[in-house]
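Worksheet: one structure, shown below.
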Amino acid sequence: MVYRVGVVGAGVIGLSTAYNIKDRIPDAEVTIVADRFSPNTTGDGTGGLWMPYMLGSTPTESVMKWGKRTWDHLIKILRSPEADAAGVSIHSGHILYEQKPEQDPFWKDMVFHFKHFTQRELDILFPGVKFGVHATMMFCLCLRYLPWLMQRYKAIGGRVMKQRLSSLDEIADLYDVIVACPGVRARHLLDDKEVYPIRGQIVTFTNPRSAMSYLETTKPDDSSDTYFLPSPSAEYIHCGGTAQVNNWNEESDPEDVKGIIERCTKLVPSLKSAKVVSTWAGLRPGRSSIRLEKEDKMIGGKLKKVVYNYGHGGSGITLHWGCSLEATELVRQSIAELQAIGPTSKL
């Protein structure tokens with residue numbers, strides 16, 4: 001018997017989840033239901049850095065498990081002929097702090113070449129900066145990665161349906177298992193009041209070469225960071241940014257753009273001669289913790305199997321593959337439960 005699986009959402013979480021369900025449960029009929037596809041998802045506007053960020057109280061052990069599976073997936077792509085097409089690259093750079101953190105980040109042993117700057121290095125390279133580290137990080141640019149993964153998804157029989165949902169009731173009759181990956185829209189679509197937007201703003205410059213390295217300055221509990229994320233070709237550099245909680249504005253804000261340009265050119269003066277290519281704003285799906293679980297839920301008057309995979313904050317790219325693999329196992333369990341009940345489960 002063929003079981004129908006509907007995946008709500010076509011961002012990096014939804015698409016990777018749909019791909020893995022179809023790839024690992026080939027007998028399932030998998031359809032992505034979304035109103036936004038690449039290049040119009042939140043991930044398409046980001047620089048694509050692998051780094052756990054804005055995850056609420058999600059347990060560290062879960063973040064490390066999902067993050068490592070994603071890191072290993074990206075390394076596999078990096079070492080393949082598909083790396084450029086998929087937008088996967090690796091860069092060395094710096095993270096600078098206005099105040100020394102109490103401890104190193106928990107993910108330091110997963111990245112490459114993690115080390116503290118000496119005071120001499122800081123004094124020469126970044127006068128006035130109190131503390132910094134160097135690391136080699138993975139990047140996954142969704143503008144390339146999502147079309148690449150969509151092509152692979154369709155090649156193994158995955159389907160898509162463009163539709164904006166106001167309720168899961170609208171697709172209750174179409175699928176046996178519904179997988180909810182709606183990002184920040186989970187607040188309204190699923191009535192999950194724990195979900196909130198974290199607005200990000202980016203300014204893209206032509207790359208003056210001297211700013212090729214990843215570099216971030218962080219302020220504890222602030223609504224802004226200053227960072228430089230190179231494109232895979234190094235032709236452009238994406239600079240940011242903001243982390244504005246509960247701001248639903250998806251349009252570029254001139255004041256935010258001005259602030260980003262001022263902060264970035266102060267830190268890297270060569271950017272003053274660079275050209276602004278574009279600006280972008282998007283909403284990260286904040287939540288108290290990532291929701292990755294399954295339940296039996298009444299939808300449209302019918303008891304349905306539902307799997308949830310959303311609330312990844314600023315770590316969608318960082319955790320997408322690991323979370324999608326776990327969501328796939330939850331779908332497998334849901335189908336097994338339907339098989340145990342038998343055909344009457346659809347009545």
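The values are calculated or read from the model by the stated rules, or taken from the named source; none is laboratory data. Since the model is a prediction, treat every value here as computed from it, not as a measurement. Cβ sites come from the backbone with ideal geometry, for glycine too, and all protein chains shown count toward neighbours.
Here are some notes:
- Annotation note: Cβ proximity below 9 Å between a residue of the stretch 62-87 that is of a type in the set (Asp, Glu) and a residue that is outside any helix (DSSP H, G or I) and surrounded by 15 or more Cβ atoms within 10 Å (Cβ to Cβ) (sequence gap 6+ or interchain) occurs for Glu82/Val88; Asp84/Pro232.
- Scan of the stretch 78-124 for residues that are of a type in the set (Phe, Trp, Tyr) and over 24 Å from Met64 (Cα atoms), ordered by number: Phe117
Each row is one residue, and each column tells you yes or no for (1) under 21 Å from the mean Cα position of the chain (by Cα); (2) surrounded by fewer than 19 Cβ atoms within 10 Å (Cβ to Cβ).
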residue	(1), (2)
Ile124	no, yes
Cys140	yes, no
Ala172	no, yes
Asp176	no, no
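- The stretch 272-322, residues that are in the same structural domain as Gln244 (by TED's automatic domain parsing) and without any contact (Cβ under 8 Å) to a residue 12 or more places away in the chain: Lys272
- Residue check for Leu303: in a strand (DSSP E or B) and modelled with pLDDT under 95: yes
- Index of the failed condition, Glu216 passing every other in (1) among the charged types (D, E, K, R); (2) modelled with pLDDT under 90; (3) surrounded by fewer than 18 Cβ atoms within 10 Å (Cβ to Cβ): (3)
- Residues of the stretch 290-347 classified as over 14 Å from Cys181 (Cα atoms) and aliphatic (A, V, I, L, M), total: 9
- Which numbered condition Leu74 fails, given (1) buried (at least 21 other Cβ atoms within 10 Å of the Cβ); (2) more than 30 Å from Lys162 (Cβ to Cβ): (2)
- Any hit, the stretch 87-106, residues being over 19 Å from the mean Cα position of the chain (by Cα) and more than 30 Å from Tyr196 (Cα to Cα): yes
- Taken over the stretch 260-293, the residue count meeting the criterion of being buried (at least 18 other Cβ atoms within 10 Å of the Cβ), among the charged types (D, E, K, R) and farther than 19 Å from Asn309 by Cα is 1.
- Scanning the stretch 121-158 for residues that are in contact with a Lys or Arg (Cβ under 8 Å, 6 or more places away or on another chain) and either within 19 Å of Ile75 (Cα to Cα) or in contact (Cβ under 8 Å) with a residue 40 or more places away in the chain (or both) returns His134, Ala135, Tyr153, Ile156, Gly157, Gly158.
- The set of residues in the stretch 119-172 that are among the aromatic types (Phe, Trp, Tyr) and within 20 Å of Thr17 (Cβ to Cβ) comprises Tyr145, Trp148, Tyr153.
- Candidates Lys266, Lys272, filtered to the one that is in a helix (DSSP H, G or I), within 13 Å of Thr226 (Cα to Cα) and not β-branched (Val, Ile, Thr): Lys266
- Residue in the stretch 21-39 that is of a type in the set (Ser, Thr, Tyr) and either at pLDDT below 95 or within 22 Å of Thr279 (Cβ to Cβ) (or both) present: yes
- Helices (runs of 4 or more DSSP H) completely within the stretch 117-221 that count 2 or more residues being touching a helix residue (DSSP H, G or I) at 6+ places or on another chain (Cβ under 8 Å): 142-155
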